[in-house]
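Novice: The following block contains the structure, expressed as C-alpha cells.
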Amino acid sequence: MGKWSRRAFIGAGVVAGGALVVGIAVRPGNPTDELKPLLAKGDGEELINAWVKVDANNKVTAIVPHAEMGQGAHSVLAQMLADEMDVDWEAVDILEAPAIPAYVGADLGREFIAPTLEVPKVLEPTVQGAFLSLANMMDLQITGGSFSIRGSGQRGMRTAGAAAREMLVAAAAEKWNVPAAEITTSNSILTHKSSGKSATYGEFAAAAATQDLPVKPRRKKVEEFTLMGKPMPRKDIPSKVNGTAGFGIDAQVEGMKYAAVKAAPVVGATVEKIDASKAKTMPGVLQILNMGDFVAVVADGYWQAQKALGTIEATYSEAEGQNLDQGDVFARYAKALDEVGSDGGDVETDEGDAIGTFAEASKKVTAEYKVPFLAHATMEPMNCTASVKDGRCDLWMGTQSPLGTRRDVAKALGLDEDNVSLQNAYLGGGFGRRASSDVPVMAARIAKATGYPVKMIWSREEDTAQDLYRPSATSRFEAGLDDKGKLVSWNNVHTHLFDPQEAPQVPHYAIANHLIRKVDVPMHLRFGPWRSVDHSQQAWFIESFIDEIAVEAGKDPLELRRELLARSPRHLAVLNKAAEMSNWGSAMPRGHGRGIAFVPSFGSVVAQVAEVDMTGTKPRVTKVYCCADVGFAMNPDGVAAQMESAIVYGLTAALYGEISIKDGAVQQSNFHDYEMLRINEMPDVEVTLINGDHERLGGAGEPGLPPLAPAVTNAVFAATGKRVRELPLSKHSFA
Amino acid sequence: MIKLNVNGQAREVDVDPATPILWVVRENLEMTGTKFGCGIAMCGACTVHLDGKPVRSCSTPISRAEGKAITTIEGIAEDDGTLSKVQQAWIEAQVPQCGYCQSGQIMSATALLQKDPNPSDEQIDAAMAGNVCRCGMYGRIRTAIKSAAGNTQAAKEEA
C-alpha cells in the first residue's frame, strides 16, 4: 500500500471512500492540532484522526459528524467505526463533532459525496428557501435526507475506523519490530502471536498518532462484520430514561433569563404598535421588546414571560398574504393547473408519447388529489439559548444544521462566523424542522438587545402557527390502458416541487410513455423539509392513482404492481414479502379492508400493507405490515424502529394532519386542534428487513413514511368502495 | 416561601403560588428531566407524581403541591441508584428515540403499574393515551410496560 505525502494527498484530493479521516487530519495547516484542545480531554489522550480518539486508558471516542434526534445516528455511526477498528464496544464513547468549519471541509465534502452518491437536496435549503452550493452544503454538517449512515457512516466512519486500526498496527509493528501483517486486533487489543506480545490500543495511541495515514485502509467484508448488522443497544438510551439526557431546552447558562415570543400571525407583516402597559408591571418582567417581526418579553422565569406576553396588545402592518383563506389555496392550484392543461407547465420528464398513447387508449383513467399543509410538531418546542457580548455570540440548542446556524446568526448580527459558537444538544425531534436557523437567529437578536444570556422558548402555539410547513399540493393524472389492459400512458401535473427531484417520478414502474410536469404557485407561508419531503405528497398521489388504475383495469392492486415491477427483482422481492406477510388476498371481515403501497425513496425500497376497520365511527388502522430493503441494515433494530416511527408519523398525518389558513394566518395552535396519534390508536406494526445490496446503502429515517398514507387510503377503498382523494381522512365521513 | 417535598427532599422556593410545578422544578430547582411540551395538559411530557398520582405539571400550580410529595423522573430509581423496573424495561425494549417525551411516559407508566401491577391492554391505553410520542414508539411502550409488569409479578413470586 502506497503512502502519500500529506500535502500531495490534499493536492490530489482523490481518495475514494477514504477521504474523511485522512483529508481533514492532514490538510495544510494541520487542523488536527487545532482540534486537539477541542477534543482531547485528560492526560495521555491522543488524537489519531478527526473522527476517533483513543486515550491511554484504552477509551475510544467516536466523533460523529451528525446530530442525534432519535434516529440513532450517533450510536450506529460509532458502531460502524468500532467494528472496522476492532474496538471493545463497551469502552466506546460518543462525542458529537464540534460545529466548526475545519471539521467538514469543502474538499472533503466534494470527495465524500461525488460522484457516486447522490445527496438529497433537502440538505440544501436555508431558512429563506435559498439554495447553497454543494460545497457549502457539506460545510453545514447537516443531518437530514436520511443521509448519515449511508453517507458519513459508510464512507467516513468505516474508513476512519479501518485507518485508525492500521495506524495502531503500524505503530505496534514498529515498536515490536515485527511485520504488521502478523499483528491481529480484537476488542481493543493488539496481539503478535508468535512472540507472545500484546498491548492495548491505549498503549499505542500516542505512537499511532505519528504514523502516516493510510491512503486506502482495508474495510471489512460483510462476512467479517462483528458489530455491523447486529441489533446493538443504542448508547444514548440510558440517559433518556432517567432525565439526564441534555436537550437544547435544558441549557443552563450563568446569568440566563427567559424569553417568550409572539411573531406577527401573518408571515411578512410587522409589529407596528404594542400596548404593554399591563405586562410592564407584572412580576419578574425585565424587558419588553418590539423586534419588528415579533414581540419578546424577557423575564426571570419562562412562565412569567409567557404570562406577560399574553397581556400585550399588538397591531400589525398590512401583509401581502393577509387575505388568503384555505379555500383560495386550492382554488389557486386549480387555476394554475387549468392553465397548463394536459401538456403545459415545466416538464420534468417526457419519455415516449404520453399524450398520443392516451388519445388512442382503450381505457382512460383520470384523477385529482389534494394534500394540506402540515406542521412538524416536534415534542420539544423550538428554543435556543443565546449570549451576545464583546463581539461574540454563543448558542446552545439542538439543531440539524450547526454550521448553517452559525452562518445565519453571524449574518443577522453582523459578526464574523468565527465569533459565533454553537453547542449542539440532543434534539427533541427534528423531522426537518431543526434544519433551519430562523429560531436561533431570533434568540441571538434578543440576546443582543438585552446584553445578557437569554433562553428563548416558543410556546406550543407559536411552534404550531409559525412553522416552516410541509407544502400543500394538488396533483392531476391521466393514464391510458391499451386493449390488453396494459398501462401505456402516464401524464401527471402537480403543483409544487421542492425535493427530492425524483419524488414525482415513477422509473421503477414499467410504463412506456411518461409525461410529468409541475407548476409553481407561490404562497406567502414559509416552507421547509418535513420527514420524507416531497415523497410525503407525491407517493400518496402516485400510489393512490396506481390503485385506481388497477380497479379500472379489473386487476388486483398487488397484481398490477407486480406486472409493473416485473423487470426489477429487488423491488419485486420487497413487494412480494409485504404481501406475503399480510396474507394478501385472504378474506377479511365485512367493513375491513387491506391496501398496499410500494415506494422507493432515499436509496431504500419499502412496501407496506395496511389493514383498516371501517365499522366504527372513524377509520381505524389495525395493522401495518412493512417490508424494507435499506441495502444493509447496520443496526436492524434501529432500522425497524425508524420504520415503526415513520409509520406513526405518516399515519398521524393521514388521519388528522391539516394546517389551514384564514386571513393569511395559521388557524391551528396546539394539540387540541392539531391532533396527534396516541397509543390507543396505535396499530400493530410488523417489520421485515431485506438486505438487498450491502454496497449501496439507503436511508432509514424517511423511507418508511411515503407508503403509509396510500396503503391506508387504498385499504379504505377496499373496505368501503370510497376513494379518498383529499387528505386527511378526518375530513371525510364514512357513515 | 413555599415548602416542598421533591423526591424525598425538603425544598423551599420563593415563587408565585400560581406558577406551574413544571417551571418551578425546571428553573428554580434546576431539575430538567421534566419536559415542557404543550402547556395545556394535552401531551403528557411534563408528567410528575403528586403523592404517587400522575399529574400534568405544566397545568398544576405549585400551591397544589404543598404538603404533598412531588416525584419527578430524577426520583424514581432505587435509593442505591439502580434503575426502576420500568426504566430497565424501557432500555430493554429500546423505547426512546428522541427521548423528549420519555420522562413523562415513564412517569405515567410507573403510576399505572403502582395502581395495576398487571394492566390489560385497555388499561395501558387508558393510562397512556395522555402521553404523546411524536417518534411513534407506542408499540415499544406497550411491550416495555408488559415486560415491567412481568418483572413485578416475578419479583413478587420470588418474595
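The values are calculated or read from the model by the stated rules, or taken from the named source; none is laboratory data. As the structure is a computational prediction, the values presented were derived from the model and not from experiment. Because the Cβ atoms are built from the backbone with ideal geometry, glycine has one as well, and the counts that use them run over all protein chains shown. Quick note on the areas: whole protein, heavy atoms, side chains included, nothing else; ligands and nucleic acids left out. Shrake-Rupley method; radii C 1.70, N 1.55, O 1.52, S 1.80 Å.
Novice: Which of the residues in region B:92-113 show a loss of at least 50 Å² in accessible area from their chain by itself to the complete set of protein chains, at a probe of 1.4 Å?
Specialist: Those are B:Gln94, B:Pro96, B:Gln97, B:Cys98, B:Tyr100, which lose 50 Å² or more relative to the chain on its own.
Novice: List every residue whose amide H lies under 5 Å from the amide H of A:Asn58, counting only residues 5 or more places away in sequence or on a different chain, with H placed 1.01 Å from N in the peptide plane.
Specialist: A:Gly202
Novice: Quick one, what does Rg over Rh come out to for chain B if you take C-alpha atoms and the Kirkwood Rh?
Specialist: With Rh from the inverse mean 1/r over Cα pairs, Rg/Rh is 0.97.
Novice: Residue by residue through region A:471-477, which ³J(HN,Hα) values in whole Hz follow from phi under the Karplus form 6.51 cos²θ - 1.76 cosθ + 1.60 (θ = phi - 60°), with glycine and proline marked x?
Specialist: x, 7, 6, 10, 9, 10, 10
Novice: A drop of at least 40 square angstrom in accessible area, chain alone versus all protein chains together, probe 1.4 Å. Which residues of region A:366-381 meet that?
Specialist: Checking the loss per residue gives A:Met379.
Novice: Could you run the numbers on buried accessible area between A and B, total for both chains, 1.4 angstrom probe, in Å² to the nearest 100?
Specialist: Chains A and B together bury approximately 4300 Å².
Novice: Please enumerate, by chain and number, the aspartates and glutamates with C-alpha under 16 Å from the C-alpha of A:Lys555, excluding those fewer than 8 residues away in the same chain.
Specialist: A:Asp482, A:Asp483, A:Glu543, A:Asp547, A:Glu563
Novice: Where does the Debye-calculated log10 I(q)/I(0) of chain A sit at q = 0.07, 0.08, 0.09 Å⁻¹, using only Cα point scatterers of equal weight, no solvent?
Specialist: Treating every Cα as an identical point scatterer, log10 I(q)/I(0) equals -0.53, -0.69, -0.86.
Novice: Determine, from the Cβ-Cβ distance of A:Lys280 and A:Thr366 and an R0 of 51 Å, the FRET efficiency 1/(1 + (r/R0)^6), rounded to the nearest 0.05.
Specialist: 0.25
Novice: Okay, next question. Under the 0.36 nm per residue contour assumption, what length would be gained going from the current alpha-carbon distance of A:Arg725 and A:Thr244 to full extension?
Specialist: Extra length from A:Arg725 to A:Thr244 when fully extended: 168.6 nm.
Novice: Any idea what % of Cα-Cα pairs in region B:2-75 are farther than 17 Å?
Specialist: Value for region B:2-75 (Cα pairs over 17 Å): 31 percent.
Novice: Also, I was wondering about something else. Could you state the number of Å between the C-alpha centres of region A:614-656 and region A:365-430?
Specialist: With region A:365-430 and region A:614-656 each reduced to a Cα centre, they are spaced 28 Å.
Novice: Another question about this same structure. To the nearest whole number, what is the average tally of beta carbon atoms from other chains within 10 Å of the beta carbons of peptide A:66-79?
Specialist: Mean inter-chain Cβ contacts per residue within 10 Å come to 2.
Novice: While we're here: Radius of gyration and Dmax for region A:686-735's Cα atoms, expressed in Å?
Specialist: Considering region A:686-735 through its Cα atoms, Rg and Dmax are 15.6, 50 Å.
Novice: Quantify how strongly other chains surround peptide A:229-240 by giving the mean number of their Cβ atoms within 10 Å of each of its Cβ atoms.
Specialist: Partner Cβ neighbours, averaged per residue: 4.
Novice: Ordering A:Asp83, A:Asp300, A:Asp55, A:Asp418 by accessible area with a probe of 1.4 Å, largest first, what comes out?
Specialist: A:Asp418, A:Asp300, A:Asp55, A:Asp83
Novice: Rounded to whole Hz and in sequence order, give me ³J(HN,Hα) for region B:19-33 from the Karplus expression 6.51 cos²θ - 1.76 cosθ + 1.60, θ = phi - 60°, writing x for Gly and Pro.
Specialist: Per residue, the Karplus-derived 3J(HN,Hα) values read 4, x, 3, 3, 6, 5, 5, 6, 9, 6, 8, 6, 10, 9, x Hz.
Novice: How about A:Lys411: which lysines have a C-alpha closer than 21 Å to its C-alpha, ignoring those fewer than 8 places off in the same chain?
Specialist: Those lysines meeting the cut-off are A:Lys389, A:Lys448, A:Lys455.
Novice: Now for a different question. Using the structure shown, select from A:Lys307/A:Lys370; A:Lys53/A:Lys221; A:Lys230/A:Lys577; A:Lys370/A:Lys618; A:Lys623/A:Lys722; A:Lys175/A:Lys220 the pairs with a Cα to Cα distance greater than 28 angstrom.
Specialist: A:Lys307/A:Lys370
Novice: For region B:30-131, which GluC sites (Glu not before Pro) pass both filters: DSSP loop (anything but H, G, I, E, B) and at most 15 other C-beta atoms within 10 Å?
Specialist: B:Glu30, B:Glu66, B:Glu78
Novice: How crowded by other chains is A:245-258, given as the mean number of beta carbons from other chains within 10 Å of each beta carbon?
Specialist: Mean shielding by partner chains, rounded to a whole number: 2.
Novice: Based on DSSP, what percent of beta bridges with both residues in chain A are antiparallel, to the nearest 5?
Specialist: 75
Novice: If each DSSP helix of 4+ residues adds -39,500 (n - 2.57) and the sum is divided by the residues in chain A, what number results at 222 nm, nearest 500 deg cm²/dmol?
Specialist: Computed ellipticity for chain A at 222 nm equals -8500 deg cm²/dmol.
Novice: Enumerate the amide H contacts of A:Ser601 below 5 Å, restricted to partners 5 or more residues apart or on another chain; note that Pro and chain-start residues carry no placed amide H.
Specialist: The list, which skips near neighbours in sequence, is A:Val606.
Novice: Taking R0 as 60 Å, what FRET efficiency do you get between A:Asp343 and A:Asn57 from their Cβ-Cβ distance, rounded to the nearest 0.05?
Specialist: With R0 = 60 Å, the Cβ-Cβ based efficiency is 0.30.
Novice: Got a number for carbon plus sulfur as a percent of chain A's accessible area, 1.4 Å probe?
Specialist: 49
Novice: A follow-up question, please. At a 1.4 Å probe, what is the % contribution of carbon and sulfur to the accessible area of region B:2-75?
Specialist: C and S fraction of accessible area: 44 percent.
Novice: Please turn the phi angles of region A:679-691 into ³J(HN,Hα) values with the Karplus equation 6.51 cos²θ - 1.76 cosθ + 1.60 (θ = phi - 60°), one per residue in order, whole Hz, x for glycine and proline.
Specialist: 4, 6, 10, 6, x, 6, 10, 10, 10, 10, 10, 10, 8
Novice: Amide H neighbours of A:Val241 under 5 Å, counting only residues 5+ apart in sequence or on other chains, H built in-plane at 1.01 Å?
Specialist: Here the answer is none, since no amide H 5 or more places off falls under 5 Å of that of A:Val241.
Novice: For region B:85-158, what's the radius of gyration and Dmax over Cα atoms, in angstrom?
Specialist: When restricted to the Cα atoms of region B:85-158, Rg and Dmax are 11.4, 38 Å.
Novice: So what is the orientation-averaged projected area of region A:602-735, using the convex hull of its C-alpha atoms, in nm²?
Specialist: Reported value for the Cα convex hull: 9.4 nm².
Novice: Give me the one-decimal nm value for the distance between modelled label points at A:Asp390 and A:Gln501, 7 Å along each residue's Cα-to-Cβ direction.
Specialist: Placing both labels 7 Å beyond Cα along the Cβ direction yields 4.8 nm.
Novice: So what's the Cα pair-distance distribution over region B:80-125, bin width 10 Å, in %?
Specialist: 24, 56, 19, 1
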